[in-house]
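Written out below as structure tokens is the structure these notes cover.
The values are calculated or read from the model by the stated rules, or taken from the named source; none is laboratory data. Being a predicted model, the structure only gives us computed values, none of them experimental. When we count neighbours, we look across all protein chains shown, and the Cβ atoms used for this are built from the backbone with ideal geometry, even at glycine. Surface accessibility is based on the protein's heavy atoms, side chains included, excluding ligands, DNA and RNA. Shrake-Rupley method; radii C 1.70, N 1.55, O 1.52, S 1.80 Å.
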Amino acid sequence: MTTVSHDLAAAIVAARLDPNESQVVFRRLLDALARPGRMVWLPADVARRVPPALVPILALCDLEVTCCVAGDHPTGVDWAEVVAVATGARRGEAHEAAWVVVLSSSSPHDVAQLRRGTALAPEQGTRLVHACRQLHVGDGEQPWSSDDPLEAHVTIELRGPGVPDRRRITVAGIKADVFEALSQVNESFPAGVDTWLVADSGALIGLPRTTQITVTAQTRRGAH
Amino acid sequence: MGYAAARGGLDAITAAEQLVRTLRLAAPSDWLDGDQIVERLRLAVDRVMGEGGIWDEQLAAMALRQAEGDLIEAAHLLRSYRSTLPRLAYSEPVEADDLTVLRRIVPAFRNPPGPQLLGRTSDYTGRLLELIDDDRAREEADKLTAARRERVRAAAGSAPAGTRDERRPQRLMTLLRDMDLLVDRRRDDDPEPFDITRVPARPGAPRSARLATMARAETGALVNLWYRNILGPDGYLHEITLGEVRHGWLPVPVVHPHTGHPVEVGRVRVTEVEAIEDLDGLEEDRTRFDVGYGLCFGHNERKAIAMANLDIACDRDAGRSALEQSVLLTTDGLDAAGFLEHLKLPHYVTFRSMVERKMAVRAARPALQEEPS
């Protein structure tokens with residue numbers, strides 16, 4: 001038997017969702033995909049216990065599923081290990097995993113290598129959960145509260161099924177070229193990658209593979 | 001293929017849901033609790049667990065109550081709930097001989113190896129509706145309970161209620177095999193079973209896919225498909241005799257994550273049937289028999305018997321007819337009932353287009369309208 005550190009053990013306990021919690025999370029994830037660009041909230045008591053971006057895989061993954069948890073989280077806990085123990089999910093590399101969670105930042109290359117499935121097996125496409133600092137529905141003029149007004153942010157415009165006409169959202173903590181890469185990954189519908197952006201607050205926005213994304217504005221830290 | 005989505009009537013839909021809920025929850029009689037349903041409607045509970053594909057009597061009872069007794073609806077609720085549960089572990093394979101029988105009969109043989117254990121059955125009971133009032137029923141229940149307790153007390157110390165061999169009897173099949181009366185279809189390899197909950201089974205699927213499909217199929221659908229082969233147009237069955245009909249408990253072993261050894265984490269009740277078919281085909285070994293197999297959750301002999309019959313029928317048919325397709329694609333209760341029920345949703349757009357097609361045909365052939373009928 002391996003010894004488990006106290007932090008890790010506590011995190012594993014916190015990471016176990018009961019079926020009712022999982023069902024609520026599943027519903028919210030579906031709502032987010034059905035209405036891309038609209039803000040949805042993860043259940044607060046769950047999103048408080050673990051990094052919110054992990055909630056989707058904790059709710060939906062089990063030993064049948066390959067998961068990849070990429071990037072570090074300021075808590076310093078080995079969250080990939082926590083997910084593996086709490087859900088029984090197999091650990092895999094980003095390019096082969098059914099679910100990929102990015103806890104910190106990603107590059108266009110990371111997104112480009114994700115599994116997209118094929119026209120005959122679109123369900124093989126990866127589900128990507130990307131953590132971000134903050135989310136705002138709208139075009140980013142004074143989107144944030146006072147806590148971090150200089151956070152670099154990107155405004156993207158969304159079009160497609162579930163979006164009446166077009167909708168803009170502003171995201172802090174994900175670079176513009178990542179959205180451009182995502183846009184390219186989803187060029188051959190029905191193959192593609194379904195994405196949820198999850199903010200530190202537990203706010204969530206869905207970007208299904210049907211959504212066309214255009215970067216309309218970006219600022220850099222300190223540019224204001 | 002497209003259907004007009006149900007929209008525009010949201011208020012009406014909400015009101016209809018509310019009406020169902022109100023009348024169900026606020027019915028004037030006593031609330032049915034889970035134990036009552038499990039103990040007094042046990043066969044309905046077993047059937048719903050089998051078709052729902054999950055072993056949990058209390059959950060099945062709650063589904064039955066919510067579905068107001070509609071078995072297919074209850075199985076639907078249960079299967080939906082099941083799909084939200086994580087898979088915690090894979091159980092280890094168990095031998096069918098590990099079944100501890102509550103009932104075991106061998107219709108084919110008067111003196112089979114092991115006992116003929118009739119158990120809880122109404123096979124030999126006249127179908128008379130008991131018009132008995134509640135007080136008399138309770139009175140009789142008390143007497144029967146006392147008498148049963150007395151019998152158990154009297155038997156204690158003399159003969160045990162059933163030795164291990166009697167509760168895990170040998171099979172008639174073993175005897176037939178010893179007599180060289182069975183075609184040997186046993187295989188040496190041990191392929192992974194087909195998982196119908198992950199991949200839809202299509203004709204040409206391995207036998208495990210057919211068996212899994214039938215184990216979860218709607219009981220009535222299997223009985224109907226079986227009967228089509230007896231009296232109906234299909235006729236893939238010749239003359240079946242039942243070798244084993246068993247109802248009992250099977251252990252569920254799981255490998256312990258630390259010790260690596262299998263441990264029993266629970267048990268499930270199943271019905272198991274072996275059906276002996278008299279081979280009479282030109283290319284078949286007419287000096288021997290073959291055996292079909294059926295096993296399903298709970299006490300559901302009708303289903304397991306139909307399943308065992310259809311298993312051997314599929315094997316004999318070997319893809320020549322549409323039988324396997326019927327088994328794999330048309331016996332699932334949720335599939336069939338779901339497709340049927342969806343017909344009640346608005347089809348305004350599709351039907352409108354059909355009307356327009358009719359009109360277009362008329363417009364293109366105006367002479368048709370003038371012809372006398």
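Annotations for the structure displayed:
- Filter pass, A:GLU93 being more than 10 Å from chain B (Cβ to nearest Cβ), of a type outside the set (A, V, I, L, M, F, W, C), closer than 24 Å to A:PRO208 by Cα and free of Cβ contacts under 8 Å to residues at least 40 places away in the same chain: yes
- Contacts under 6 angstrom Cβ, first residue in segment B:189-209 being under 16 Å from B:LEU329 (Cβ atoms), partner not hydrophobic (A, V, I, L, M, F, W, C), 6 or more apart: B:PHE194/B:PRO206; B:PHE194/B:SER208; B:ILE196/B:THR213; B:ALA201/B:THR213; B:PRO203/B:GLU324; B:PRO203/B:GLN325
For every residue, the table says whether it meets (1) loosely packed, with under 15 Cβ neighbours inside 10 Å; (2) within 14 Å of chain B (Cβ to nearest Cβ).
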{"residue": "A:ILE12", "(1), (2)": "no, yes"}
{"residue": "A:SER22", "(1), (2)": "no, yes"}
{"residue": "A:ARG27", "(1), (2)": "yes, yes"}
{"residue": "A:ALA32", "(1), (2)": "no, no"}
{"residue": "A:ALA47", "(1), (2)": "no, no"}
{"residue": "A:GLU64", "(1), (2)": "no, yes"}
{"residue": "A:VAL83", "(1), (2)": "no, yes"}
{"residue": "A:ALA86", "(1), (2)": "no, yes"}
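- Scanning segment B:197-239 for residues that are of a type in the set (Val, Ile, Thr) and open to solvent by 20 Å² or more (accessible area, probe 1.4 Å) yields B:THR197, B:VAL199, B:VAL223, B:ILE230.
- Wholly within segment B:263-347, helices (runs of 4 or more DSSP H) carrying at least 2 residues that are surrounded by 23 or more Cβ atoms within 10 Å (Cβ to Cβ): B:301-317, B:323-330
- Segment A:88-109, subset buried (at least 19 other Cβ atoms within 10 Å of the Cβ) and within 18 Å of A:VAL178 (Cβ to Cβ), residue modelled with the lowest pLDDT: A:SER106
- Taking residues in segment B:9-35 that are assigned by TED's automatic domain parsing to the domain that holds B:ALA63, and partners anywhere that are open to solvent by 70 Å² or more (accessible area, probe 1.4 Å) and of a type outside the set (Lys, Arg), the pairs with Cβ atoms closer than 7 Å and at least 6 places apart or on different chains are B:ARG24/B:GLU68; B:GLY34/B:GLN58; B:GLY34/B:MET62.
- Tallying residues that are open to solvent by less than 50 Å² (accessible area, probe 1.4 Å), more than 14 Å from every other protein chain (Cβ to nearest Cβ) and either in contact with a Ser or Thr (Cβ under 6 Å, 6 or more places away or on another chain) or among the hydroxyl-bearing types (Ser, Thr, Tyr) (or both) within segment B:80-124 yields 3.
- From the list A:ALA181, A:ALA217, A:ALA191, the one residue that fits, being within 19 Å of A:HIS136 (Cα to Cα) and either of a type outside the set (D, E, K, R) or at pLDDT 95 or above (or both), is A:ALA217.
- For the criterion of being crowded, with 23+ Cβ neighbours inside 10 Å and either more than 27 Å from A:ILE156 (Cα to Cα) or hydroxyl-bearing (Ser, Thr, Tyr) (or both), A:ALA53 fails.
- Residue check, B:LEU77 part of a loop (DSSP other than H, G, I, E, B), of a type outside the set (S, T, N, Q) and either within 14 Å of chain A (Cβ to nearest Cβ) or exposed (fewer than 10 other Cβ atoms within 10 Å of the Cβ) (or both): no
Here is a yes/no grid of residues against (1) within 28 Å of B:LEU43 (Cα to Cα); (2) modelled with pLDDT under 90; (3) touching an Asp or Glu at 6+ places or on another chain (Cβ under 6 Å):
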residue	(1), (2), (3)
B:ASP190	no, yes, no
B:PRO203	no, no, yes
B:PRO206	no, no, no
B:ASN229	yes, yes, no
B:ASP234	no, yes, no
B:HIS238	no, yes, yes
B:THR241	yes, no, no
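- Here A:ALA112 clears all of (1) out of contact with any Cys (no Cβ under 6 Å at 6 or more places or on another chain); (2) within 14 Å of another protein chain (Cβ to nearest Cβ) except the condition numbered (2).
- Residue in segment A:125-146 that is over 22 Å from A:LEU42 (Cα atoms) and modelled with pLDDT of 95 or more present: yes
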